[in-house]
Amino acid sequence: MNLWLPESSRCGDIPRISGGKIPFMKLLLACIGAALLLAWASPAQAGGKILRVAIDVGHCAETKGALSARNRPEFAFNRAMASAIGRELKRDRRLQVFVVEAAAGLPLKKRIENINGLKPDLLISVHHDSVQPGYLKEWTCRKAPAQYCDLYRGYSVFISGKNGRPEASRALAMSLGAALRKGGFLPSVHHAEMIRGEGRRPIDINLGVYLYDGLVVLKDSRSAAVLLECGIVKNRSEELILRNPAYRKKFARAVRAGVANAIRDRAL
């Protein structure tokens, strides 16, 4: 929509006011304004770089991942959240977004090779969290035995120092953590506990950012890469929240803000 020029000018006519031509300076200012509007609304057309973003749906229909407190597979949570994040990121015209779901039985090494084949500038692997077995308690859900832990809740962001672009990965993780905190989400601190299976090195525990060099999907990625644990599905109340589409949309908006801030800061 042209906010400066009347209808006749959109086909190349020079508009007239009171029977005469528009003064040169007014016409010049109108053209400059139209150019600025185009640059703001469409960075791609204005020559800005398009960033390729791969959204990896953690696990697959076969492996499923962790079971929630109500025996729902983690993969179902991952797929729903990855879709929400993908939809939100596609609203940013600077991004070309791929939501990647691995075929059943595909080895992890091959999975990350396929992602690298897409040549993304950044990778977000979407997961949902559990806790160590010692924290789990038994209960019955819909007449079936299940396990839960209501002690911990919240998101976590992981990076690998062995990644192809470790500094960019770190900057992206910090930006995501800051945006999630600003959006009202709280990080989980249980990964920093010095117990078997945990003891992850916190980069910024207040933002929920951790270093985990051994994660294959991160260390073998050639792009800036983070693994995002969006919440703890073993927590009975958080599980229900994570199944709420409105909550997922709010979370995805915070992820979009984090990516946008990283782009703004030229971290990617």
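Every number here is computed from the coordinates shown, using simple stated rules; none is lab data. Keep in mind that what you see is a predicted model, and the values were worked out from it rather than measured. Cβ: placed from backbone, ideal geometry, glycine included. Neighbour counts: every protein chain shown.
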Which of the listed residues, LEU108, VAL53, LEU95, is farthest toward the dipole's positive end in segment 51-264, when Lys, Arg count +1 and Asp, Glu count -1 at the beta-carbon?
LEU95
Between PHE98 and residues 5 or more places away or on another chain, the pairs with built amide H atoms under 5 Å apart involve VAL53, ALA54, ILE55
Please sort by residue number the trypsin sites (Lys or Arg not before Pro) in segment 73-103 whose DSSP state is loop and whose Cβ has at most 12 other Cβ atoms within 10 Å.
ARG91
Neighbour-count order for MET194, MET81, fewest beta carbons within 10 angstrom listed first
MET194, MET81
Leaving out same-chain residues fewer than 8 places away, which lysines sit with a Cα under 20 Å from that of LYS90?
LYS49, LYS119, LYS249, LYS250
Would you kindly derive the ³J(HN,Hα) couplings of segment 173-182 from the backbone phi angles with the Karplus curve 6.51 cos²θ - 1.76 cosθ + 1.60 (θ = phi - 60°), listing them in order in whole Hz, with x for Gly and Pro?
4, 5, 5, 5, x, 5, 5, 5, 4, 5
What's the FRET efficiency of ARG70 with ARG91 using the Cβ-Cβ distance as r and R₀ = 41 Å, to the nearest 0.05?
0.80
Return the FRET efficiency for the residue pair VAL189, ASP213: r is the Cβ-Cβ distance, R0 is 25 Å, and the value is rounded to the nearest 0.05.
0.80
How about segment 171-268: which trypsin sites (Lys or Arg not before Pro) there lie in a loop by DSSP and see at most 11 other Cβ atoms within 10 Å?
ARG196, ARG266
Please report the antiparallel percentage of the DSSP beta bridges confined to segment 51-264, to the nearest 5.
35
Mind listing which trypsin sites (Lys or Arg not before Pro) in segment 140-174 are in a DSSP loop and have 12 or fewer other Cβ atoms within 10 Å?
ARG142, LYS143
For SER221, distant residues with modelled amide H under 5 Å away:
GLY164
Honestly segment 51-264 on the Cα gyration tensor test (a ≥ b ≥ c root eigenvalues; a/c under 1.5 rounded, otherwise a/b vs b/c for prolate or oblate) is just rounded
Whole-Hz Karplus ³J(HN,Hα) for segment 64-75, in order, using 6.51 cos²θ - 1.76 cosθ + 1.60 and θ = phi - 60°, x for Gly and Pro?
6, x, 5, 9, 6, 4, 10, 6, 8, x, 4, 3
